[in-house]
1. Considering only region 164-188, state which residues are of a type in the set (D, E) and either within 13 Å of Y101 (Cα to Cα) or not assigned by TED's automatic domain parsing to the domain that holds K255 (or both).
2. Return a yes/no flag: does region 127-145 have any residue that is touching a residue at least 60 places away in the same chain (Cβ under 8 Å), surrounded by 22 or more Cβ atoms within 10 Å (Cβ to Cβ) and under 23 Å from V97 (Cβ atoms).
3. Cβ contacts < 6 Å: first residue more than 30 Å from K199 (Cα to Cα) and touching a residue at least 60 places away in the same chain (Cβ under 8 Å), restricted to region 92-120; second residue of a type in the set (D, E) and in a loop (DSSP other than H, G, I, E, B), any location; separation 6+ or different chain. Result?
4. Can you say whether I238 is closer than 27 Å to L280 by Cα and touching a strand residue (DSSP E or B) at 6+ places or on another chain (Cβ under 6 Å), as far as the supplied structure shows?
5. One residue is enough: does region 154-162 have a residue meeting the conditions in the same structural domain as E279 (by TED's automatic domain parsing) and touching a residue at least 40 places away in the same chain (Cβ under 8 Å)?
6. Between A245, A323, A284, which is hydrophobic (A, V, I, L, M, F, W, C) and under 27 Å from R185 (Cα atoms)?
7. Restricting to region 81-118, count the residues that are more than 30 Å from N275 (Cβ to Cβ), crowded, with 17+ Cβ neighbours inside 10 Å and of a type in the set (D, E, K, R).
8. Condition check: surrounded by 23 or more Cβ atoms within 10 Å (Cβ to Cβ), in a strand (DSSP E or B) and modelled with pLDDT of 95 or more. Does V179 satisfy that?
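The values are calculated or read from the model by the stated rules, or taken from the named source; none is laboratory data. The structure displayed is predicted, hence computed values, not measured ones. For neighbour counting, all protein chains shown are included, and Cβ atoms are generated from backbone atoms with ideal geometry for every residue, glycine included.
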Amino acid sequence: MRSKGFARLAFLLVFVALAAFASFSQGVKPVATPSPKPPSLNGQDDTVYHVDVELVNIDVRVVDRNGRAVNGLRQSDFKVLEEGQPQEIKYFSTSEVPTNYTMVVDNSGSMRQQLEKVIDAGKILVNANKKDDETSIIRFVGNDKITIDQDFTANKSDLDEALDNMFIEGGQTAVRDAVYLAAQRVSDYEKSNKTEDRKRRAIILVSDGEDRNSYYSEAQLFEMLRESNVQIYVIGFINDLDTDAGFIRKSPKEKSKAFLQRLADDTGGRAYFPNSISELPEIAKSIGSELRMQYSIGYLPPNDVPPGTFRNIKVMVDDGPNATKRIAITKAGRTSEGIPTSAKKP
């Protein structure tokens, strides 16, 4: 009897607790906390993979003081410094390697006067593609209008058709988002760490550089670019932007130029700021040539660097005959890698 009494008492206590909880929860409404959603490319899988590699691979352009390419150099002409410390070069090649690149073209209203010539310049680049080169074309306006008009292909007719189908559309331009998503895709496409599978990876961005509606900040974009091995070539139409500046504020034109120039400088690419659309054919030819006239260098990085640490890289090259100055151009640095992981974008 005593055990039955305890059982009844326990049952009553549980019943009362449940009733009190139900009564309390009826007066409490859940609060949804909205959060901004990162843009995506036509439902593409946005998984980001971070994989350890044995070598740090860098692409290096060498020019003289007039910006002309310097070819025919040897491994002994180069020195690689990471955080000021010399690194032993383990891989060196002057041979032309296949190039995967993405054309990222601004189709917002500010490009209305230039789009036809931009399309023509794009076709010049495509026509210069070699047999093993692959190209994709991304069209963008706002962060909800970033589309892959043509995925990676070597088919020049398909690429020309995608360029022909571009059109101007209203919207708040999202340059950072377009570059962020394009860099991830070109970096991961046919990714391989095998020496014999090396490919050069690049983005050719055509825009005025004025960002009005991006999800990603500049800091997030440049952090991601440090982890990639993608060169960015920029064709920046900035001349029509507002030149009015505040006391401590850059003008829209100055701000856009600084942003576009940094994209090129930090990734070892190059920025062009044409004064006339008539310059586009020569710019396209120059970019096509520079993508292929580079030196590929690989070195073993220090193994005592914590993952996620940014490391400055500098490449030095010996002067030419008669002390002719040679200038090596490559990405500004790298982010040290950790163990292989896969993670979703934030």
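1. D188
2. yes
3. Close Cβ pairs satisfying both conditions: S110/D208.
4. Answer is no for this residue.
5. no
6. A284
7. 1
8. Here the answer is no, as V179 does not meet what is asked.
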